[in-house]
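Notes to accompany the following structure.
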């Protein structure tokens with residue numbers, strides 16, 4: 001039999017119809033035509049999808065977990081076509097959810113995966129000259145609101161970097177709009193970050209030598225992306241942010257991942273993941289497509305994920321996966337700094353906490369609250385600083 | 001006030017909480033931070049999203065239709081960023097559906113729209129030398145199953161084109177896999193189509209001068225797409241197929257639409273998981289992003305759309321929309337040729353019917369069944385051939 005991937009779906013279906021429904025799904029996601037009309041023996045044996053198991057779901061009587069074996073060759077080893085095979089047509093069928101995907105080792109090895117991984121984030125944000133980078137959680141915040149001009153964003157970036165936050169990213173809504181165009185904003189913000197870094201290099205105390213990096217938002221089609229990538233490289237930005245589900249997974253995997261040259265932070269905007277399990281899409285798939293870090297809504301914020309789902313996303317981002325580097329989980333979405341200890345305890349040290357609005361809420365006390373955030377995240381390392389950083393031992397030679 | 005677009009959402013919410021929920025959505029989709037922390041007056045006045053109306057949904061007690069006014073400038077006039085503004089973060093909130101989007105004229109004019117439109121499809125498929133092209137519905141079929149080699153697909157294409165089908169497209173699952181790579185398949189299939197066209201040019205009867213065109217599937221990242229576009233142009237294919245939600249809307253709008261040089265057929269694969277109303281996404285938005293035709297699952301097939309939804313998709317594809325050309329609606333998804341008259345009566349003449357599996361089901365009688373399909377679609381024009389083809393009067397100078 002040809003190499004197959006194992007794809008788990010959850011179907012809403014009555015017990016007496018599930019066998020036929022599962023077979024129909026296997027056809028839909030492979031040959032998409034009546035089996036009896038397939039005359040080619042190779043296609044019948046190697047391409048037609050197969051139903052492996054059908055199990056009642058633990059959740060509800062009218063739900064079944066169906067595992068299909070789909071031919072790896074139908075993906076052409078291309079990330080977009082892989083999405084097409086596992087959830088192209090059946091995304092249009094409201095009774096189907098995509099739960100999980102397991103690829104054989106050879107197929108796994110052909111997907112790009114993170115180029116820098118968690119170790120890459122630590123290296124990029126390590127204090128001037130520090131090697132190896134300290135083993136601690138990382139802090140991240142967002143420049144916002146959109147609508148500010150580039151100078152205002154740069155001034156904000158300076159304050160946040162000076163306060164010791166590791167990664168200062170654009171809000172994902174800040175793209176390439178007229179009020180702060182990429183070509184104007186990125187040099188101004190990057191220089192503001194560098195100014196803060198110079199001051200910290202000469203500082204004493206807990207911020208001595210601390211290094212912040214800037215992650216601007218990439219957006220648009222290939223030409224626009226290429227122009228933005230050139231600016232980002234020329235200015236020496238330390239990381240990049242983009243939304244794979246908006247720019248498109250093939251463009252993310254082929255163009256952005258290949259040409260970024262710095263760690264990539266994936267944002268879940270437009271991931272609409274009600275019907276694709278978040279741990280699969282935001283944890284495993286974004287990582288396989290090349291994300292070095294993956295942002296996701298934490299429990300207890302403005303989004304609906306449960307604690308278990310969030311921890312599963314983090315697990316998928318970091319767990320062994322062929323030879324691929326781990327990606328850094330980045331819980332976000334309405335976090336408050338009062339929750340830092342709880343969150344670091346839950347996720348462990350290989351985590352970056354993203355807090356935006358809750359810092360800006362401080363108004364005149366922004367610098368102070370940002371510094372408290374940065375320090376509290378950095379020192380939360382003590383919670384498990386004896387843990388063995390197994391994932392960090394991977395090298396960063398991508 | 002700055003130019004605003006009107007975005008309609010459906011929220012699942014109790015009556016006593018809906019005011020606050022609507023305001024929270026307006027913030028989520030604009031500044032994404034606490035309003036009270038926004039100090040910039042321009043941002044407060046021109047960027048923060050506004051709640052325009054809240055109305056109980058006709059559907060259920062716990063559903064409300066909420067219309068927001070979001071600032072057009074936040075989209076940067078870029079299709080991907082437009083999706084981000086209207087459904088980026090809130091796609092992750094399971095209580096939100098995106099129902100509709102109305103853009104002011106100036107914003108509408110900045111989106112690409114179809115380059116060829118319905119008139120372009122008629123011109124591309126008109127009998128040798130016929131001008132103007134006949135006013136009739138068009139027929140479309142798919143080469144399948146994937147897994148066949150390029151020679152088998154070419155032979156199938158010959159049979160289908162020889163039978164008089166207007167558009168012979170790759171199955172959307174046929175991308176650039178090893179068994180029939182794009183660079184090998186496209187020249188072979190295109191030549192098979194041309195051979196059929198030569199024979200029809202010299203034929204008598206209903207097929208005299210009939211011209212079929214081939215629409216291969218574009219897939220992958222920008223480099224791969226560029227290589228495929230070069231092959232398609234060199235071989236003179238008459239149309240192209242791709243899945244905007246997989247290759248990514250910005251890449252579709254910026255690269256594919258600009259460089260195709262032939263009408264584009266958009267496939268809805270991977271579009272279904274997002275909780276966006278199909279008439280908006282497949283009808284209006286795909287058209288605004290550059291699709292000349294839009295495939296969608298017809299009622300009564302393998303997918304869940306209702307008749308009303310399908311007709312609404314077709315309406316959105318063809319209705320006046322600024323200066324944009326209409327896009328051709330392409331109902332599909334398990335159609336049988338016995339339903340042709342019903343479908344043409346429902347959709348009218350500005351329609352292309354896509355039937356794949358139901359032809360292949362015929363086995364040895366494929367050529368005969370395909371010819372019946374082509375002829376029946378073409379002659380269904382009589383149903384409303386006195387209708388004024390207003391949309392067709394638009395020129396095709398894009």
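Brief remarks follow.
- Screening residue B:115 against (1) touching a helix residue (DSSP H, G or I) at 6+ places or on another chain (Cβ under 7 Å); (2) modelled with pLDDT of 90 or more; (3) surrounded by 24 or more Cβ atoms within 10 Å (Cβ to Cβ) leaves a single unmet condition, (3).
- Each residue in segment B:69-103 was checked for being outside any helix (DSSP H, G or I), in contact with a strand residue (DSSP E or B) (Cβ under 7 Å, 6 or more places away or on another chain) and modelled with pLDDT under 95, and 9 of them qualify.
- Residue selection: residue B:175 satisfies the criterion of being part of a loop (DSSP other than H, G, I, E, B), within 11 Å of chain A (Cβ to nearest Cβ), in contact (Cβ under 8 Å) with a residue 40 or more places away in the chain and within 25 Å of residue B:331 (Cα to Cα).
- Of the helices (runs of 4 or more DSSP H) lying entirely inside segment B:313-381, the ones with 1 or more residues being crowded, with 16+ Cβ neighbours inside 10 Å and away from every other protein chain (no Cβ under 14 Å) are found at B:340-347, B:366-379.
- Which numbered condition residue A:25 misses (of (1) assigned to a loop (DSSP other than H, G, I, E, B); (2) more than 24 Å from residue A:289 (Cα to Cα)): (1)
- Only a single criterion out of (1) crowded, with 24+ Cβ neighbours inside 10 Å; (2) touching a helix residue (DSSP H, G or I) at 6+ places or on another chain (Cβ under 6 Å); (3) facing chain A (nearest Cβ under 8 Å) is not satisfied by residue B:82, namely (3).
- Taken over segment A:178-196, residues that are within 14 Å of another protein chain (Cβ to nearest Cβ) and either more than 26 Å from the chain's Cα centre (by Cα) or buried (at least 22 other Cβ atoms within 10 Å of the Cβ) (or both) amount to 6.
- From the list B:225, B:282, the one residue that fits, being assigned to a helix (DSSP H, G or I), more than 7 Å from chain A (Cβ to nearest Cβ) and at pLDDT 95 or above, is B:225.
- The one condition from (1) over 29 Å from the mean Cα position of the chain (by Cα); (2) within 12 Å of chain A (Cβ to nearest Cβ); (3) assigned to a helix (DSSP H, G or I) that residue B:33 does not meet is (3).
- Checking every residue in segment A:54-64 against the condition of being within 32 Å of the chain's Cα centre (by Cα), surrounded by fewer than 23 Cβ atoms within 10 Å (Cβ to Cβ) and closer than 30 Å to residue A:252 by Cα gives zero matches.
- Scanning segment B:120-153 for residues that are under 22 Å from residue B:203 (Cβ atoms) and within 14 Å of chain A (Cβ to nearest Cβ) turns up just one, B:141.
- Some residue of segment B:267-277 being more than 8 Å from chain A (Cβ to nearest Cβ) and assigned to a helix (DSSP H, G or I): no
- Taking residues in segment B:252-263 that are more than 18 Å from residue B:124 (Cα to Cα) and facing chain A (nearest Cβ under 8 Å), and partners anywhere that are surrounded by fewer than 21 Cβ atoms within 10 Å (Cβ to Cβ) and at pLDDT below 95, the pairs with Cβ atoms closer than 7 Å and at least 6 places apart or on different chains are B:253/B:112.
- The condition of being in a helix (DSSP H, G or I) and in contact with a strand residue (DSSP E or B) (Cβ under 9 Å, 6 or more places away or on another chain) holds for only one of A:19, A:65, that being A:19.
- Sole exception among (1) within 9 Å of chain B (Cβ to nearest Cβ); (2) part of a helix (DSSP H, G or I); (3) in contact with a helix residue (DSSP H, G or I) (Cβ under 8 Å, 6 or more places away or on another chain); (4) at pLDDT 90 or above for residue A:296, by number: (2)
- Note on segment A:299-343: residues that are touching a helix residue (DSSP H, G or I) at 6+ places or on another chain (Cβ under 6 Å) and on the phi > 0 side of the Ramachandran plot total 1.
- Of the candidates A:134, A:145, the single residue that is surrounded by fewer than 22 Cβ atoms within 10 Å (Cβ to Cβ), touching a residue at least 12 places away in the same chain (Cβ under 8 Å), farther than 24 Å from residue A:254 by Cα and within 24 Å of the chain's Cα centre (by Cα) is A:134.
- Residue within segment A:163-174 that is modelled with pLDDT under 95, more than 25 Å from residue B:37 (Cα to Cα) and under 20 Å from the mean Cα position of the chain (by Cα) present: no
- Every residue from segment A:228-245 that is free of Cβ contacts under 8 Å to residues at least 60 places away in the same chain, within 28 Å of residue A:161 (Cα to Cα) and within 14 Å of chain B (Cβ to nearest Cβ): A:228, A:229, A:242, A:244
- When every residue of segment A:199-210 is checked against the conditions, none turns out to be part of a helix (DSSP H, G or I), within 11 Å of another protein chain (Cβ to nearest Cβ), surrounded by fewer than 19 Cβ atoms within 10 Å (Cβ to Cβ) and more than 12 Å from the chain's Cα centre (by Cα).
- Inside segment A:152-163, residues that are surrounded by 24 or more Cβ atoms within 10 Å (Cβ to Cβ) and touching a residue at least 40 places away in the same chain (Cβ under 8 Å) make up a count of 4.
The values are calculated or read from the model by the stated rules, or taken from the named source; none is laboratory data. Bear in mind the structure is a predicted one, so any value in this text is a computation, not a measurement. Reconstructed Cβ throughout: ideal geometry from the backbone, glycine too, with neighbour counts over all protein chains shown.
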